[in-house]
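Written below as structure tokens is the structure these notes are about.
Coordinate-derived values only; no laboratory data. Everything numeric in this text was worked out from a predicted model, so none of it was measured. Cβ atoms come from the backbone with ideal geometry, glycine included; neighbour counts cover every protein chain shown.
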Amino acid sequence: MTVQSTEFELDLPEHEAPSPRAIVLRRARHHSGFLFGSCGLGLIILLALAAPLLAPHNPIEQNLLARLQPPVWAGTGDWNHVLGTDQLGRDYLSRLLYGAQLSLLIGISAMIISGLIGTLLGVLAGYFGGRVDLVITFIITSRLSMPIVLIALAVAAIFGSSLQLVIVILGFLLWDGFAIVARSSTLQIRDADFLLAARSLGMPAWRLILFELLPNIKDALIVVATLEMAHAILLESALSFLGLGVQPPRPSWGLMIAEGKDYLFFEPWLIMIPGAALFLLVMSINLLGDGLRDISAPEGRS
Amino acid sequence: MHIFILKRIGLAILVALFVSFLSFLMLRAAGDPAIAIAGEGASEADIEYIRIRFGFDRPLIVQYGEWLAGALQGNFGTSTYFSTPVHELIAERLPVTLRLGAMSLLFAILLAMPLGILAAVHPNSIIDRLALFLSVLGQALPNFWFALVLIVILAVWWPLLPPSGNSTWQHFIMPTIVLGYYATPAIMRLTRSGMLEVLGSDYIRTARAKGLHPVQVLVKHAMRNAVLPVVSHSTVQFGYMLGGSVIIESIYALHGIGQLAWESISRADLPTVQAIILILSLIYVGLNLAGDLINAWLDPRIRVT
């Protein structure tokens, strides 16, 4: 730079400190995990939303004459069924696309339920401390000691499983991460000056928590939200795989793997395709979550 | 120290009681067990008979109290499917699951600790990247799918291992890999961050400055402190793995407690499910307690809090 005088230099706009938003955006552009995760998740969301347009066939329409056709790249496959057909002759690509809708729907809904429960408990424990904290910490410890896969399976089996029930079960089992993070984040800023100021102005506790405290711990909560969403999607697929999650003929990926399991020896693509889709979705969400954590708080990286 | 131990044990007992009550409540509130046992097409009289025969007609709290009193004496009631005492079923199956859990934990530690240490010694190197890649992979692989893929590769394409059953030690290899790999990311991350922290400390610099051999510094000085959190975390992972064994055991047809749980759920065998949930929680609570106590014994600073 060729600047003549120091007075002149002071007026230069590029000497202003970059805004926090600009710093975050720059970090985001240079974080490969974040980029991969957000692109992957974005792509899957787009495909899921566009499933009615993209799907070449009805995902639950059976065609017993065209059972177990291989994908287009294998032997006798053709372009009519790009990813082949399953044991009932249903188009695999169409099922895969509609399955993405199911996974996302379940992941997001369960994440919202568990987020509400966990955040409420965690913030109350962190903010009020004392006995409230003692009781809530006890509840969190108890929840961590429960074998959740087993409990989810048992409850689903007794109730008779359905899509709504799966969402509720997952929502009520996966709130621990939210509670732990909300509690520790609240503890960190509970005595900060801006909260003290709000308190001395006579702001009621619920307003203070809602409008002053929550906006300041939301970054940490968003990171947990992504990780718990991935967790919920994995658990749903496991429940569906064992036959106690989403019920047929809905095209849940876990259910598709379960149905393909019987053809493991001769038609391995039946489990490979939905499994790979599940893996990509969960990995994208995890990378996005890890990336968000690095970007919002680089000093907290481990 | 004694007060600390007593406090932790008291807390563990409270948690165990609370968890047992909650799971009891959840299973009973979820539906009428008598209808589930009777099965489809049972008459009203049959259901009523089962209700009285198994005592489902009494208040919940009475049923819980009776069940707990029995459980404390090792009596978990009678399986509604096998008509044998539940504790006999569990005693028969538990060793398989514990063996699987121990092997998986060993596998996870043997894979994760060296990788974590190497990643910390050479940050941002190829090994570090590989470790990161493996841990991203481990967190996103659905374990039941990984189990099936391993069967396709190791039992179908190259028939090296038996696909299911539990008669020989070869039957345990695939389940061990699947279950152990699930615990690998957490242990690796802990080892890496612990090592990074220790390697930056003054006493390591002193040891290096004295001219000690780098391997000696790493093994004798650094590792001792870095593995502390890993030890206590491993106990927690062991508990998780026992929980995860439900899925893995049912895929590989290993006759452990997980498969028993899964079968009992499909047969609506409530006393057995109840007992397994309680035992898994107890094991988890016990391991957590052990982890806390080990940590407190190794690191006196923790005892104060």
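Structural remarks
- Packing order of peptides A:175-183, A:64-72, B:155-163, A:154-162, highest average first: A:175-183, A:154-162, A:64-72, B:155-163 (average count of other Cβ atoms within 10 Å over each peptide's residues).
- 0 to 90° range, to nearest 10: angle between helix B:86-121 axis and chain B longest Cα axis: 20 degrees
- Most mobile of B:HIS122, B:HIS213, B:HIS221 in a GNM of chain B (Cα contacts under 10 Å): B:HIS213
- Relative to its Kirkwood radius, the Cα radius of gyration of segment A:34-127 gives an Rg/Rh of 1.21.
- Neighbour counts of other Cβ atoms within 10 Å put B:GLU263, B:GLU249, A:GLU61 in the fewest-to-most order A:GLU61, B:GLU263, B:GLU249.
- Computed [θ] at 222 nm, helices only, for chain A once each DSSP H run of length n ≥ 4 contributes -39500 (n - 2.57): -21500 deg cm²/dmol
- Net charge of neighbours whose Cβ lies under 14 Å from the Cβ of A:LEU163, counting Lys and Arg as +1 and Asp and Glu as -1: 0
- Per-residue ellipticity at 222 nm, computed for chain B from helices alone with -39500 (n - 2.57) per DSSP H run of at least four residues, works out to -24000 deg cm²/dmol.
- Average beta-carbon neighbours from other chains, 10 Å sphere, peptide B:144-156: 5
- With respect to chain A, whose longest principal axis is taken over its alpha-carbon atoms, helix A:214-241 is tilted by about 10°.
- Mean projected area of the convex hull spanned by the Cα atoms of segment A:152-201, taken over all viewing directions: 5.2 nm².
- Between the Cα long axis of helix B:126-140 and the first principal axis of chain B there is an angle of about 10°, rounded to the nearest 10.
- Shape call, segment A:218-257: gyration tensor on alpha carbons, a/c limit 1.5: prolate
- In whole angstrom, segment B:36-142 maps to an equivalent ellipsoid with semi-axes of 50, 18, 14, each derived as √(5λ) from the alpha carbon gyration tensor and ordered largest first.
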